[in-house]
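Chemist: First, the structure itself, so that you have it in front of you.
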Amino acid sequence: MKLLRLLNVKKDYSLGKVTVPAIKGVSFDIEKGDFVSIAGPSGSGKSTILNMIGLIDVPTDGEIFLEERAIASLPDRELTRLRHETIGFIFQSFNLIPVLTVRENIEFPLLIGRDKKIGSERRGYVDRLIEEVGLADHERHKPNELSGGQRQRVAIARALVTKPRIVLADEPTANLDSATGTAIIELMKRINREMQTTFVFSTHDAKIVDLADHVLRLKDGLIVENTRAEA
């Protein structure tokens, strides 16, 4: 099932009177349950593509379809709902709220959703996520009491708490040591297999590229490789 499609997407940025083409026309599909690596050197356009997929940025030209719906035709209110309910985000800087505990950080997206309350079913799902990411003994800790790897585990659980169809991870291992980064990647791969959650990474990390079943390589705003592992 096609979850996401980009058709000849371009993105330009204006620097004063100068127009800088960041993405020069890319097309690709992402299937439900994919583990996708968007790789390439700095400045190749990885984060720009991730921001457009995440409905944070708007293409200059071309079309993006999410579950066969053309994003450009949707009103702002619907885009906001999709960002909250359909897409999860993981950042290299973790972006946790320092005054909240592990559990509270994970629950936070539920409290800003339409329901604004956490019933027993949702609470049970939060319990499961805390267990899945290995933080059952740390749920009352605050971010400054956690290691970098533990903070990223909180960020992963938070990204999954709304049961999104797709999780976008921008250089999720960049601020972690090698061993911790490997453990985080393996955790996300296991979640990908068990929950069939689609993951899309922008990354320099060769370990993520090696585990990906779909690799997109960018250079100067263009796709130079689009390969999918054989089933």
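Chemist: Output the residues belonging to region 197-231 that are hydrophobic (A, V, I, L, M, F, W, C), out of contact with any strand residue (DSSP E or B) (no Cβ under 6 Å at 6 or more places or on another chain) and surrounded by 15 or more Cβ atoms within 10 Å (Cβ to Cβ).
Modeler: Passing the criteria: LEU211, LEU218.
Chemist: For region 85-107, give me each residue that is touching an Asp or Glu at 6+ places or on another chain (Cβ under 8 Å), without any contact (Cβ under 8 Å) to a residue 60 or more places away in the chain and outside any loop (DSSP other than H, G, I, E, B).
Modeler: Those that are touching an Asp or Glu at 6+ places or on another chain (Cβ under 8 Å), without any contact (Cβ under 8 Å) to a residue 60 or more places away in the chain and outside any loop (DSSP other than H, G, I, E, B): VAL102, ARG103.
Chemist: For region 81-138, name all the residues that are β-branched (Val, Ile, Thr) and at pLDDT below 85.
Modeler: Once the filter is applied, which keeps residues that are β-branched (Val, Ile, Thr) and at pLDDT below 85, region 81-138 yields ILE112, ILE118.
Chemist: Here's another thing I want to ask about it. Could you list all residues from region 24-71 that are among the aromatic types (Phe, Trp, Tyr) and under 10 Å from LEU6 (Cα atoms)?
Modeler: Result: PHE28, PHE65.
Chemist: Right, next: Between a residue in region 148-161 that is more than 11 Å from ASN105 (Cβ to Cβ) and any residue that is assigned to a helix (DSSP H, G or I) and modelled with pLDDT of 95 or more, which pairs come within a Cβ distance under 6 Å, given they are 6 or more apart or on different chains?
Modeler: none
Chemist: Related question: Identify all residues within region 56-84 that are among the hydroxyl-bearing types (Ser, Thr, Tyr) and touching a residue at least 12 places away in the same chain (Cβ under 8 Å); write none if there are none.
Modeler: Listed by number, the list holds a single entry, THR60.
Chemist: For region 119-231, give me every one of the strands (runs of 3 or more DSSP E) that falls completely inside it and has 2 or more residues that are aromatic (Phe, Trp, Tyr).
Modeler: In region 119-231, 198-203 are the strands (runs of 3 or more DSSP E) which contain 2 or more residues that are aromatic (Phe, Trp, Tyr).
Chemist: Inside region 31-70, can you point out the residues that are β-branched (Val, Ile, Thr), touching a helix residue (DSSP H, G or I) at 6+ places or on another chain (Cβ under 8 Å) and modelled with pLDDT of 95 or more? So that I can check it myself, show each step before the final result.
Modeler: At the first step, the residues of region 31-70 found to be β-branched (Val, Ile, Thr) are 36, 38, 48-49, 53, 56, 58, 60, 64.
Checking the rest, the ones that are also touching a helix residue (DSSP H, G or I) at 6+ places or on another chain (Cβ under 8 Å) come to 38, 56, 58, 64.
Within region 31-70, ILE38, ILE64 meet the criteria.
Chemist: Taking the criterion of being surrounded by fewer than 19 Cβ atoms within 10 Å (Cβ to Cβ), more than 19 Å from the chain's Cα centre (by Cα) and modelled with pLDDT of 90 or more, would at least one residue in region 181-189 satisfy it?
Modeler: no
Chemist: Hey, another quick one. Which of the residues that make up region 24-47 are surrounded by fewer than 21 Cβ atoms within 10 Å (Cβ to Cβ) and either part of a helix (DSSP H, G or I) or of a type in the set (Ser, Thr, Tyr) (or both)?
Modeler: Once the filter is applied, which keeps residues that are surrounded by fewer than 21 Cβ atoms within 10 Å (Cβ to Cβ) and either part of a helix (DSSP H, G or I) or of a type in the set (Ser, Thr, Tyr) (or both), region 24-47 yields SER27, SER42, SER47.
Chemist: Would you say ILE53 is in contact with a Gly (Cβ under 7 Å, 6 or more places away or on another chain), within 28 Å of GLY181 (Cβ to Cβ) and in contact (Cβ under 8 Å) with a residue 12 or more places away in the chain?
Modeler: Numbers: in contact with a Gly (Cβ under 7 Å, 6 or more places away or on another chain): no; within 28 Å of GLY181 (Cβ to Cβ): yes; in contact (Cβ under 8 Å) with a residue 12 or more places away in the chain: yes.
In short, no.
Chemist: Here is a list: ASP12, ASP57. Which entry is surrounded by fewer than 19 Cβ atoms within 10 Å (Cβ to Cβ) and part of a loop (DSSP other than H, G, I, E, B)?
Modeler: After applying the criteria, what remains is ASP57.
Chemist: Going through GLU139, GLU132, GLU194 one at a time, which residue ends up being surrounded by fewer than 16 Cβ atoms within 10 Å (Cβ to Cβ) and farther than 16 Å from GLY88 by Cα? Step through it out loud before you land on a result.
Modeler: On the way: GLU139 fails: surrounded by fewer than 16 Cβ atoms within 10 Å (Cβ to Cβ); GLU132 fails: surrounded by fewer than 16 Cβ atoms within 10 Å (Cβ to Cβ).
Only one candidate qualifies: GLU194.
Chemist: Filtering region 142-169 down to residues that are among the polar types (S, T, N, Q) and touching a strand residue (DSSP E or B) at 6+ places or on another chain (Cβ under 8 Å), which residue is surrounded by the most Cβ atoms within 10 Å (Cβ to Cβ)?
Modeler: GLN152
The values are calculated or read from the model by the stated rules, or taken from the named source; none is laboratory data. Please read these numbers as outputs of a predicted model, since none were measured by experiment. All Cβ positions, even for glycine, are placed from backbone atoms using ideal geometry, and neighbour counts span all protein chains on display.
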